[in-house]
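Colleague: The structure under discussion is supplied below as structure tokens; questions concerning it will follow.
The values are calculated or read from the model by the stated rules, or taken from the named source; none is laboratory data. Note that this is a predicted model, so its numbers are computed, not measured. In this analysis, Cβ positions are derived from the backbone assuming ideal geometry, glycine residues included, and neighbour counts consider all displayed protein chains.
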Amino acid sequence: MKIVVVGGVAGGASVAARARRLDEFAEIVVLERGDYVSFANCGLPYHIGEVITDRSRLLLQTPESLHESLAIDVRVGAEVTALDRTAKTVTVRETATEREYVESYDRLALCPGADPLRPPLPGIDLPGVHVLRNVTDMDEIKAQLDEALAAAASAPGRSGAGRTGAPVKAVVIGAGYIGVEMAENLQHRGASVTIVELADQILPPLDKEVSVPVEQHLRSRGVELFLSTGAAAFSERAGGGLTVELTNTRFVDADLVILSAGVRPNVGLAADAGLELGPRGGIRVDTHMRTSDPSIWAAGDAVETPHTVLPGSWITPLAGPANREARVAAENICGHDTEYRSTQGTSIVKVFDMVAGGTGATERQLVAEGIEHRAIHIHPSGHAGYYPGTAQMHLKLLFSPVDGRILGAQVAGFDGVDKRLDVLATVIRLGGTVHDLEELELAYAPPFGSAKDPVNMAGFVAGNVLRGDLVLWYASDWPAAVEGARLVDVRTPEEFGIWHIPGAENVPLATLRAASGEWDRSVPVRLYCAVGFRSYLAYRLLVQRGFADVATLSGGSNTFRFRHEVEPASTVAPPPEIAYAEAVDLIAATKGTGRSVDLDCTGLACPGPIMRLSATMGDLAAGDEVVVRVSDPGFVSDGPAWAASHGHEVLSMTPDGPGFVAAFRKGGAVASGTTAVVERRNQTSFVVFSGDLDKMLAAFIIANGALAMGQRVSMFFTFWGLNALRREHAPKRDHGALERMMGMMMPSGPDRLPLSQMNMAGAGPAMIKHVMKEHDVQSVPELMTAAREGGARLIACTMTMDLLGIAETDLMEDIEFGGVATFLGEAEKSGTTLFI
């Protein structure tokens, strides 16, 4: 039997090798039009970036090695130009000599691969415009890059080819996997990189909300991105180099351009020979990888195969499926009965310190095919948060609402992304459900995972949805999803003050039980927190209290911000990128008489770093500095926003693994030529003298507003204002006659306060409370609880307590006590002091 294989690399070389292992006596000929029969095409960008320094390591097999080990006749530089199915021959052209000859076959395997897209744009064929598909392409790109870097380094008056101030400019057209890998490796070599992508997101195998954190990571590493923009033309620049004209009318200079706009299956030979093509333009094959001709099989990037989740056949240009298809084709060529069932498109990519990938169907594909589905988003850490080296990941799971079968999954993060993706891919391959994810027993130790692995957590959340224990609303449905509903943010006031969804009210989870007591249970409630856990607790709390229409935001504000590409507002200009040691040196050189603190917040998810930083700053004086390490990527926007709202200065923000090293200075700045420090007074203080309901209501509304703006709040209660702090049912104690009389005349607690006007023997307060309830205005007890939970200091005046005969046991728990000096100390720290 004579087997001829057209094409090498993953598909063709695998067909030939497997066929030899099954049939020692077959004559096997491999015809490869390129100069290399078997190479690691996925490693090409990393040799350009000199991550893989030894070029020979990419050459997996040579014609000589395949002949020595497997007795295969490998001919490189041999292009097949025609196929005669009747005569069972192929016409071969030797590219070096132009000689043509005819080769016969008994059985033929077509593995022609795919060709990179080169759109018909002006200047597309200029010397500096490259594609990366094979070793020759790699050599050409690397040679031009090396030459450009060398010329830039030697140019007078220009900086060397380092990471900062890199004079060599590269433009990558297309933000798929190869495009972003090329961007990383070009940047690694010292080039300044711009990516141009026609779609509104990078990484097509991911849905947008999972791709956005990777996009933000790219930008944080200095890569310029133009999305929803294409290349319009290329032209040579006077003095050397190219100019890339974009469809948004911008012009970008480049020393070299990499086209990474996708690939097209190479089906010309098959089509000319009359072989059937599939609906997507690839070669049609059956489950044995046999084409419409019983003597011809096909495998690799040019074929269509069934999808594991989606209907119909699909072209999936990936190395893993190509190798499996080739194995099945070889086994059937050699007389076995082996089936190739489906391709699910599992893929992964490294982007600087980040990793992202997907398996199964995307939500875009499910919508396009009309497949009913549900989605959940979670943001767990890669491993136990208390063990160093982890960061938040972003996991999206798609599943059937009927039986819970998993339809697709996507993960983006820093540590442990690959193993979660592989587990999810395996469960999809086996037809598993979300309930299987709940029951999986996965390896756990703090350096590797969590007792509740992210895969388990995805199953728990999806299982809750299926069982009806959780109802979700989605960022993609905003703002329609919240129309006519009460939108409630259950995060802390600190988080709310940094950024919140427009129209939301802040009711921290700790205060929700009390605050919701007077809400209208028929009004829909839409909840959210940072990642979805606290709002899930809030959801369970409300539905068990009789609220009829409650839903929580899938993935919380993290997913919302990714989906809508929202960044918190900040008045701080982007801080300079400074290395950790340089940040410490900068502080030492500029701090004056202040001191510095080193703060490690790695492993803490949002809002952990902000809370730790806030607490640390609270113990420092104006002019003191903090160098903080964080592994939360969102800190790059949250940190400056927090600093702006608190009057602190951002000295530097430098990428560091998954997160950042940032330097902050507290308060104002040291005045030039002096040692005096002027601190921004980020506190509001109150003297609460009145015991009237309306005035107490105003005091706590203002106090909660100040807390939401990130200010500290101090409330000093004196004379009749102390009645708001009294217990309704205080412990029994001995009272003098005067104390008993005064106690009978004064209201006991915030719910019994009178109105300053129109009290009408208690009828007025009852009326105003009814109106407040109708308009969803929180009561004084609810507002007081919210303020205390938000960190407000409630201080009872001890002098007035003595005067009115009020003991500490008569007042609520956890009230502070102080005199005039205490109040004056608080007022001195305040920018605003109010007397109510």
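Colleague: Residue by residue through the stretch 319-341, note down the ones that are surrounded by fewer than 18 Cβ atoms within 10 Å (Cβ to Cβ) and outside any helix (DSSP H, G or I).
Modeller: Gly335, His336, Asp337, Thr338, Glu339, Arg341, listed by residue number.
Colleague: Please state which of the following conditions Arg219 fails to meet, knowing it meets all the rest: (1) of a type outside the set (A, V, I, L, M); (2) in contact with a strand residue (DSSP E or B) (Cβ under 8 Å, 6 or more places away or on another chain); (3) touching a residue at least 24 places away in the same chain (Cβ under 8 Å); (4) under 30 Å from Tyr474 (Cα atoms).
Modeller: Tallying (1) of a type outside the set (A, V, I, L, M); (2) in contact with a strand residue (DSSP E or B) (Cβ under 8 Å, 6 or more places away or on another chain); (3) touching a residue at least 24 places away in the same chain (Cβ under 8 Å); (4) under 30 Å from Tyr474 (Cα atoms), Arg219 fails exactly one: (3).
Colleague: Just to confirm my filter: which strands (runs of 3 or more DSSP E) fall fully inside the stretch 760-836 and include at least 1 residues that are under 20 Å from Thr511 (Cβ atoms)?
Modeller: Numbers: elements: 793-797, 816-818, 832-835.
Here the list reads 793-797, 816-818.
Colleague: Shifting gears a bit: Considering every residue within the stretch 69-79, establish whether at least one is surrounded by fewer than 16 Cβ atoms within 10 Å (Cβ to Cβ) and free of Cβ contacts under 8 Å to residues at least 12 places away in the same chain.
Modeller: Yes, the stretch 69-79 contains a residue that is surrounded by fewer than 16 Cβ atoms within 10 Å (Cβ to Cβ) and free of Cβ contacts under 8 Å to residues at least 12 places away in the same chain.
Colleague: Picking from Ile371, Ile348, which residue would you name as being assigned to a loop (DSSP other than H, G, I, E, B) and not assigned by TED's automatic domain parsing to the domain that holds Ser211?
Modeller: Details: Ile348 fails: assigned to a loop (DSSP other than H, G, I, E, B).
Within the list Ile371, Ile348, the selection yields Ile371.
Colleague: Let me ask you something else. Looking at Ala445, Ala412, which one is of a type outside the set (D, E, K, R), crowded, with 19+ Cβ neighbours inside 10 Å and outside any helix (DSSP H, G or I)?
Modeller: When all the criteria are applied, what remains is Ala412.
Colleague: Any residue in the stretch 189-211 that's in the same structural domain as Ala375 (by TED's automatic domain parsing): show its pairings with residues that are part of a loop (DSSP other than H, G, I, E, B) at Cβ separation under 8 Å, as long as the two are six or more apart or on different chains.
Modeller: none
Colleague: In the stretch 276-314, what residues are touching a residue at least 60 places away in the same chain (Cβ under 8 Å), out of contact with any Pro (no Cβ under 8 Å at 6 or more places or on another chain) and farther than 29 Å from Ser400 by Cβ?
Modeller: Of everything in the stretch 276-314, those that are touching a residue at least 60 places away in the same chain (Cβ under 8 Å), out of contact with any Pro (no Cβ under 8 Å at 6 or more places or on another chain) and farther than 29 Å from Ser400 by Cβ turn out to be Thr291, Asp293, Ser295, Ile296, Trp297, Ala298, Ala299.
Colleague: List pairs: first in the stretch 808-823 and within 10 Å of Ala796 (Cα to Cα), second exposed (fewer than 11 other Cβ atoms within 10 Å of the Cβ) and modelled with pLDDT under 80, Cβ under 8 Å, 6+ apart or cross-chain?
Modeller: Close Cβ pairs satisfying both conditions: none exist.
Colleague: Sticking with this one: Can you tell me which residue within the stretch 517-531, out of those that are of a type outside the set (Phe, Trp, Tyr) and touching a helix residue (DSSP H, G or I) at 6+ places or on another chain (Cβ under 7 Å), is surrounded by the most Cβ atoms within 10 Å (Cβ to Cβ)?
Modeller: Leu527
Colleague: Still on this structure, please answer the following. Counting just the residues of the stretch 475-500 that are in contact with a strand residue (DSSP E or B) (Cβ under 8 Å, 6 or more places away or on another chain) and surrounded by fewer than 20 Cβ atoms within 10 Å (Cβ to Cβ), which one comes out farthest from Ala708 (Cα to Cα)?
Modeller: In this case the residue turns out to be Ala481.
Residue by residue, here is whether (1) touching a residue at least 40 places away in the same chain (Cβ under 8 Å); (2) of a type outside the set (A, V, I, L, M, F, W, C); (3) not assigned by TED's automatic domain parsing to the domain that holds Ile141 holds:
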| residue | (1), (2), (3) |
| --- | --- |
| Asp35 | yes, yes, yes |
| Cys42 | yes, no, yes |
| His47 | yes, yes, yes |
| Thr53 | no, yes, yes |
| Lys88 | yes, yes, yes |
| Glu98 | no, yes, yes |
| Val102 | no, no, yes |
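Colleague: Go through the stretch 234-260 and report how many residues are in a strand (DSSP E or B) and under 33 Å from the mean Cα position of the chain (by Cα).
Modeller: 12
Colleague: Follow-up question, since we're still on this one. Working only within the stretch 56-67, note down all residues that are touching a residue at least 40 places away in the same chain (Cβ under 8 Å) and within 25 Å of Ala170 (Cβ to Cβ).
Modeller: Within the stretch 56-67, Leu58 is the sole residue that qualifies.
Colleague: Moving on to the next point. From the list Leu227, Leu256, Leu246, Leu269, exactly one residue is in the same structural domain as Asp137 (by TED's automatic domain parsing) and surrounded by 19 or more Cβ atoms within 10 Å (Cβ to Cβ). Which is it?
Modeller: Leu256
Colleague: Within the stretch 472-485, which residues are of a type in the set (A, V, I, L, M), touching a residue at least 12 places away in the same chain (Cβ under 8 Å) and more than 12 Å from Tyr528 (Cα to Cα)? Let's see the steps before the verdict.
Modeller: Going through the stretch 472-485, the residues of a type in the set (A, V, I, L, M) turn out to be 472, 475, 480-482, 485.
Checking which are touching a residue at least 12 places away in the same chain (Cβ under 8 Å) leaves us with 472, 475, 481-482, 485.
Answer for the stretch 472-485, where residues must be of a type in the set (A, V, I, L, M), touching a residue at least 12 places away in the same chain (Cβ under 8 Å) and more than 12 Å from Tyr528 (Cα to Cα): Ala481, Ala485.
Colleague: Still on this model: Please tell me if Ile333 is touching a residue at least 12 places away in the same chain (Cβ under 8 Å) and under 30 Å from Met182 (Cα atoms).
Modeller: No.
Colleague: Please go through the stretch 532-559 and give me each residue that is under 19 Å from the mean Cα position of the chain (by Cα) and surrounded by fewer than 23 Cβ atoms within 10 Å (Cβ to Cβ), ordered by number.
Modeller: Phe533
Colleague: Anything in the stretch 390-429 that is over 26 Å from Pro446 (Cβ atoms) and small (Gly, Ala, Ser)? List them, or say none.
Modeller: Hits for the stretch 390-429 are Ser400, Gly404, Gly408.
Colleague: Is it fair to say Leu466 is over 23 Å from the mean Cα position of the chain (by Cα), surrounded by fewer than 23 Cβ atoms within 10 Å (Cβ to Cβ) and not in a helix (DSSP H, G or I)?
Modeller: no
Colleague: Pick from Gly8, Gly49: which is within 47 Å of the chain's Cα centre (by Cα) and either basic (Lys, Arg) or modelled with pLDDT under 95 (or both)?
Modeller: Testing whether each residue is within 47 Å of the chain's Cα centre (by Cα) and either basic (Lys, Arg) or modelled with pLDDT under 95 (or both) leaves just Gly8.
Colleague: Only one of (1) touching a residue at least 24 places away in the same chain (Cβ under 8 Å); (2) among the aliphatic types (A, V, I, L, M); (3) surrounded by fewer than 24 Cβ atoms within 10 Å (Cβ to Cβ) fails for Ala368. Which number is that?
Modeller: Of everything listed in (1) touching a residue at least 24 places away in the same chain (Cβ under 8 Å); (2) among the aliphatic types (A, V, I, L, M); (3) surrounded by fewer than 24 Cβ atoms within 10 Å (Cβ to Cβ), Ala368 misses just condition (1).
Colleague: Given the criteria closer than 17 Å to Phe562 by Cβ and out of contact with any strand residue (DSSP E or B) (no Cβ under 9 Å at 6 or more places or on another chain), does Arg327 qualify? Walk me through it before giving the result.
Modeller: Values: closer than 17 Å to Phe562 by Cβ: no; out of contact with any strand residue (DSSP E or B) (no Cβ under 9 Å at 6 or more places or on another chain): yes.
Taking the combined requirement at face value, the residue does not satisfy it.
Colleague: Could I ask something else about it? Please work out if Leu512 is over 14 Å from Ser557 (Cβ atoms) and not in a helix (DSSP H, G or I). Break it down into steps so the answer makes sense when it comes.
Modeller: Details: over 14 Å from Ser557 (Cβ atoms): yes; not in a helix (DSSP H, G or I): no.
No; evaluated as a whole, the condition is false for this residue.
Colleague: Which pairs do you get when a residue that is in contact (Cβ under 8 Å) with a residue 40 or more places away in the chain and closer than 29 Å to Leu366 by Cβ, found in the stretch 385-405, comes within reach of a residue that is surrounded by fewer than 24 Cβ atoms within 10 Å (Cβ to Cβ) and of a type in the set (Lys, Arg), reach meaning Cβ atoms under 6 angstrom, with the pair 6+ apart or on two chains?
Modeller: Close Cβ pairs (under 6 Å, with a partner that is surrounded by fewer than 24 Cβ atoms within 10 Å (Cβ to Cβ) and of a type in the set (Lys, Arg)) amount to Phe399/Arg374; Pro401/Arg374.
Okay, residues lined up against (1) at pLDDT 95 or above; (2) under 34 Å from the mean Cα position of the chain (by Cα); (3) outside the structural domain of Leu59 (by TED's automatic domain parsing):
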{"residue": "Pro122", "(1), (2), (3)": "yes, no, yes"}
{"residue": "Arg133", "(1), (2), (3)": "no, yes, yes"}
{"residue": "Met138", "(1), (2), (3)": "yes, yes, yes"}
{"residue": "Ile141", "(1), (2), (3)": "yes, yes, yes"}
{"residue": "Gln144", "(1), (2), (3)": "yes, no, yes"}
{"residue": "Gly157", "(1), (2), (3)": "no, no, yes"}
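Colleague: Now, a different point. Anything in the stretch 261-277 that is at pLDDT 95 or above, in a loop (DSSP other than H, G, I, E, B) and touching a Gly at 6+ places or on another chain (Cβ under 6 Å)? List them, or say none.
Modeller: Asn266
Colleague: Here is a further query. Quick check on Ala510: is it in contact (Cβ under 8 Å) with a residue 40 or more places away in the chain, surrounded by fewer than 19 Cβ atoms within 10 Å (Cβ to Cβ) and hydrophobic (A, V, I, L, M, F, W, C)?
Modeller: yes
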